[in-house]
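Step one of this worksheet: look at the structure below.
The values are calculated or read from the model by the stated rules, or taken from the named source; none is laboratory data. These figures come from a predicted structure and were not determined experimentally. Here Cβ is always computed from backbone atoms with ideal geometry, including for glycine, and neighbour counts include all displayed protein chains. Heads up: the accessible areas ignore ligands, DNA and RNA and are worked out on the full protein's heavy atoms, side chains in. Shrake-Rupley method; radii C 1.70, N 1.55, O 1.52, S 1.80 Å.
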Amino acid sequence: MATSVVMPALELAQETGKLVAWRKKEGDSVSKGEPLLEVETDKAVVEIEAPADGVLAAVSAQAGAVIAVGKTIAWILRPGETPPAETAPADSGRHAVAARAAGKGGGRISPKARRFAQEHGIDLATLHGSGSEGEILTSDVEAAIAAAGAPTQVEVPGSIWRLMAERTLQSWTTVPHFFIVRDVDAGALNETRKQRGPAIERERSVSLTHTDLLVALVARALARHPRVNASWTPKGIRSNEEINIGVAIAVADGVVATVIKNAGQIALGDISVQRRDLAERAKGGRTRPADIAGATFTISNLGMYHVDAFTAIISPPQAAILAVGSITDRVVPVDGRPAVRPIVTLTLSCDHRVIDGAHGALFMNDLADAVRDPETWLK
């Protein structure tokens, strides 16, 4: 039976996706699971895998097209099969929420585009939609703003930056944040990186970073404090069986949090390899759907930018995020005498609906102990 290739829904509120590129051309043989096309969403550019074995046929969308979620854009055929007669696009449940409007194009308007137009005083009736079937998209509103003579010093952000802005605003205004700060001696952490790094680099061809070590140690601390690894839902607090650590990565147009799955159950070298591969794909615009899905806790490390300390905004439905500053030499008391030691500042942002002060403090106590004695915790 012929298998349809549709524009996938990769995000909860996604209504359209932009086809960036086909990895195969019409008439090519494809295997189930191999990269077939690249799609740009509000969050990232992701690779979409072929849903079946066969030959790619009846390609109806080309690179650059903005397509409604659920719309068939090609077929994968087995020997002797032909593409079915054209039918109405599949309704994913998201496409149906776009409302009709009296724009010049007579097409639908996505809720996001409508909201953006209202914020900037753009009359939707003056717009021609560039989306599927004349749908008015956010990009159409952005073009109208530019055509209206928006001041040159006003930057129109890209899709990833805009999504980041919307999500952080929503989190900051709806999630009751509180913060716990610990200054921790990182001497043993530095020593562990020095001792274990050469073997990992020799065997896995990847450098061991402080972030890798923190991913492993945070995962082990979370195993002792499941409430910090939980999530807030409309029905209450949900316990997460897996410990999946998101690592915030700066890309050209914002920040993407890629996810290391089951971080407490894999070797340190495997963490390093995954972190490197995820970062390379994210920075190259080749993020896969699985790369950014399922995080239960996030680490944001700005130590490489020489930031002493900062607070991070939680990414719901996660209940916490750890902000990591640089490791710097400071004068601190050691056995009653002043000494110069490498110190790192760790700041835990907590959702007070899930984590109270005691839960957060006990987690940070164990994390601080793990940083001071990583070899014991990594056994």
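Observations on the structure shown:
- FRET efficiency, Ala199 to Ala146 (Cβ-Cβ, R0 35 Å, nearest 0.05): 0.05
- Carbon plus sulfur fraction of accessible area for the chain, probe 1.4 Å, in percent: 53
- One decimal place: the segment Thr126-Ala361 gains 79.1 nm when fully extended, by the rule 0.36 nm per residue minus the C-alpha distance.
- Quarter of Cα convex hull surface for the range 266-379, i.e. mean projection, nm²: 9.3
- Entry for the range 174-267 at q = 0.25 Å⁻¹: log10 I(q)/I(0) = -1.38, Debye formula applied to identical alpha-carbon scatterers, no solvent contribution.
- Net length available on complete extension from Asp373 to Arg337 is 10.8 nm, with 0.36 nm assigned per residue and the Cα-Cα distance removed.
- Vicinal HN-Hα couplings computed from phi for the range 181-192 (Karplus, 6.51 cos²θ - 1.76 cosθ + 1.60; Hz; Gly/Pro x): 10, 9, 9, 10, 5, 9, x, 5, 5, 4, 5, 5
- By the Kirkwood approach, averaging reciprocal distances over each pair of separate Cα atoms, the range 139-200 gets a hydrodynamic radius of 16.8 Å.
- FRET efficiency estimate (nearest 0.05) - Cβ-Cβ, Arg78 to Ala223, R0 41 angstrom: 0.30
- For the chain, the relative contact order comes to 15 percent (Cα pairs under 8 Å, sequence separation of at least 6).
- Computed over the chain, the percent of Cα pairs more than 30 Å apart is 50.
- Close amide H contacts of Glu242 (hydrogens built in the peptide plane, cut-off under 5 Å, sequence separation of 5 or more or a different chain): none are found.
- The chain, accessible area per residue, ligands and nucleic acids excluded (1.4 Å, Å²): 49
- Computing FRET efficiency as 1/(1 + (r/R0)^6) for Thr174 and Ala250, where r is the C-beta to C-beta distance and R0 is 30 Å, gives about 0.75.
- Square roots of five times the Cα gyration tensor eigenvalues for the range 192-334, Å: 24, 20, 17
- Most to least accessible of Lys71, Lys235 (protein chains only, probe 1.4 Å): Lys235, Lys71
- Rounded accessible area of Lys24 (nearest 10 Å², 1.4 Å probe): 50
- Among Ile343, His306, Ala358 the positive-end extreme of the charge dipole of the range 280-374 (Cβ point charges): His306
- Theoretical gain in end-to-end length, Thr328 to Glu191 [0.36 nm per residue, Cα-Cα removed]: 47.9 nm
- Backbone N under 11 Å from the Ala63 label point (7 Å along Cα→Cβ), restricted to the range 1-40: 20-24, 38
- Contact order normalised by residue count of the range 168-265, Cα under 8 Å, 6+ apart, percent: 17
- Annotation: amide H of Ile343 within the under-5 Å range of Ala186, Thr328, Asp329, Arg330, sequence separation 5 or more or interchain, hydrogens built in the peptide plane.
- For the range 241-258, Karplus couplings with θ = phi - 60° (6.51, -1.76, 1.60), whole Hz, Gly/Pro x: 5, 8, 10, 10, 9, x, 10, 5, 10, 6, 10, 4, 10, x, 10, 10, 9, 8
- Across Trp161, Trp22, the residue with the most accessible area heads the list, and the full order at a 1.4 Å probe is Trp161, Trp22.
- Computed per residue of the chain from DSSP H runs no shorter than four, each worth -39500 (n - 2.57), the mean residue ellipticity at 222 nm is -9000 deg cm²/dmol.
- Mean separation of Cα contacts under 8 Å (6+ apart) over length of the range 293-379, as relative contact order %: 23
- Most to least accessible of Lys283, Lys261 (protein chains only, probe 1.4 Å): Lys283, Lys261
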